[in-house]
Structures are given as C-alpha cells and as structure tokens.
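The values are calculated or read from the model by the stated rules, or taken from the named source; none is laboratory data. If you're wondering where the values come from, they're calculated on a predicted model, not measured in any experiment. Every residue, glycine as well, gets a Cβ built from its backbone with ideal geometry; the counts of neighbours run over all protein chains shown.
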Amino acid sequence: MSQQALLLVDLQNDFCADGSLAVPEGEQTVRIANSLIPLFTSRGCKIIATQDWHPADHGSFARVQDSEPFLQGILDGLPQTWWPDHCVQNSYGAEFHQHLNIAAIDHIALKGCQQEIDSYSAFFDNGHRHHTGLDDWLRQQDVSSLVIMGLATDYCVKFTVLDALSLGYQVTVITEGCRGVNLQPQDSEQALLKMAESGATLMTLDVFRAQLAAQSQ
Ligand code: VGL
Ligand code: ZN
C-alpha cells in the first residue's frame, strides 16, 4: 500500500531565534511539527527530517566570497544569494531545535554538503547535478504522498516541494508550519503561490487533522 510521510525541512538552530540565519518566528514551527508527528506515527507513517549541512567554508557563505550577506553572486554557474555562515556540519547551529521531537525521526536527509554548490531542495542540489538519496529512500518505503513543512518557505521548503512534485509525489504543505526569510517582503507569499500553482495542496494543521479524521470514519 502506498504510504504518506511527513517531511520536516531544516528545523535547525541557525534558522531559529538567535541563530546566524534566523528566520522570523522560525522556532514557532517546531510546535506544529510536534503536533503533526503523532498523526503520522499512529498510522505507521514515516517521519523524515532534512538538515542543511555545510562544510565550514561552504561556497554560499558571504565570508568565503569576500562579500556581504544577502547580496547576489554566481556559484558554480548559478545565481546565488550569499548567506551568513550557517548550519556548519557538527556545529550547534546545525543541530535540530531542542524542542523538536527528534526521537520520532526515521530518516535524515543531509543537503548542502558539497563546497562548490548550494542545495535548497531535499532531493537535488541547485543545479540538479547530484541527488541526496531521499527519492530512493522514499521509493523503497513505498511513499507516494508527502506532507511538507519547515524552514524557510522561500528557499528550502519551496524547492523541496517543487522537486517533490516533479518527481511525482502528491504534496501537501502545512502553511503555519512554514516561515520565510523574506529578503523581499512578498517572497514567502509568492513561494506558496508557486507551490500551489505547481500542484501542491496548501492547508492548515486543523484542516489536515479534520481530513484525517474524516478518512478514518
Ligand atoms: C536555507 C538559505 C540558505 C533554507 C538554507 O533552509 O531555506 N536558506 N540555506
Ligand atoms: Zn544553507
């Protein structure tokens, strides 16, 4: 039987309050993740979490490029925003938020591990040159439907959702489980619109819960 799985994107310290790339209200998504988790474990469904997992001198870091955070440049032939150092492998900033129900996670997908290219999506790097292995893992588990939430709406959530759709997964995004960087004020709203236009279903946690309850009757 094909399965649904929960995919939690980058619920890491550096994207939460006091982190080096803190997303406004980022930590508020952890509570939504923890509310969703039992709705999956109780049905025998898997929980997957991604971690942005950069080498200490990752090419997306402004410091490495002698530039300023949030300016644009080119990395490996692709347009790239320069970021503050964040989610360095094995650092506190790369750890999951301490309130996340980490014990429930069945599989972790690491991304951004290669120095010379960034990787917003949980499936591929930004040039679609290498995959993370997540698609293979999901297929082995017979997962065909993903419920996705996390950080940040306008980067890693957006590109994870778009890749999941193009790989053929049915995708639901839990909107209040997402927060964006919003370098431009409309970025998150536009990202959600793009996800919906591309075939994702957007819903609140309450609506998701109500749908599950209706299905089990
Ligand atoms: C992210 C910027 C840089 C994200 C990761 O998780 O959305 N954003 N690295
Ligand atoms: Zn990153």
- Identify, from the list THR81, THR153, the residue that is at pLDDT 95 or above, within 13 Å of ligand 1 (Cβ to nearest atom) and within 16 Å of ALA49 (Cα to Cα). THR153
- Item | Residue in the stretch 23-40 that is without any contact (Cβ under 8 Å) to a residue 40 or more places away in the chain and more than 25 Å from ASP142 (Cβ to Cβ) present | no
- Task: Test LEU110 against the criterion of being hydrophobic (A, V, I, L, M, F, W, C) and within 13 Å of ILE48 (Cβ to Cβ), and give yes or no.
- Result: yes
- Task: Could you give me the residue pairs with C-beta distances under 8 Å whose first residue belongs to the stretch 85-99 and is on the phi > 0 side of the Ramachandran plot, whose second residue is aliphatic (A, V, I, L, M) and within 11 Å of ligand 2 (Cβ to nearest atom) wherever it lies, and which are 6+ apart or on separate chains?
- Result: CYS87/LEU21; CYS87/ALA94
- Item | Filter result for ILE105 (farther than 14 Å from VAL173 by Cβ, within 16 Å of ligand 2 (Cβ to nearest atom) and surrounded by fewer than 24 Cβ atoms within 10 Å (Cβ to Cβ)) | no
- From (1) over 14 Å from LEU11 (Cβ atoms); (2) more than 16 Å from ligand 2 (Cβ to nearest atom); (3) surrounded by fewer than 19 Cβ atoms within 10 Å (Cβ to Cβ), pick out the condition that doesn't hold for VAL161. (3)
- Test: residue in the stretch 34-55 that is at positive phi and within 15 Å of the chain's Cα centre (by Cα): no
- Note on the structure: Among strands (runs of 3 or more DSSP E) completely within the stretch 2-82, the ones holding 1 or more residues that are touching a Lys or Arg at 6+ places or on another chain (Cβ under 9 Å) and among the aliphatic types (A, V, I, L, M) are 3-9
- Query: Do we have any residue at all in the stretch 91-100 that's within 12 Å of ligand 1 (Cβ to nearest atom) and in contact with a Cys (Cβ under 8 Å, 6 or more places away or on another chain)?
  - Reply: yes
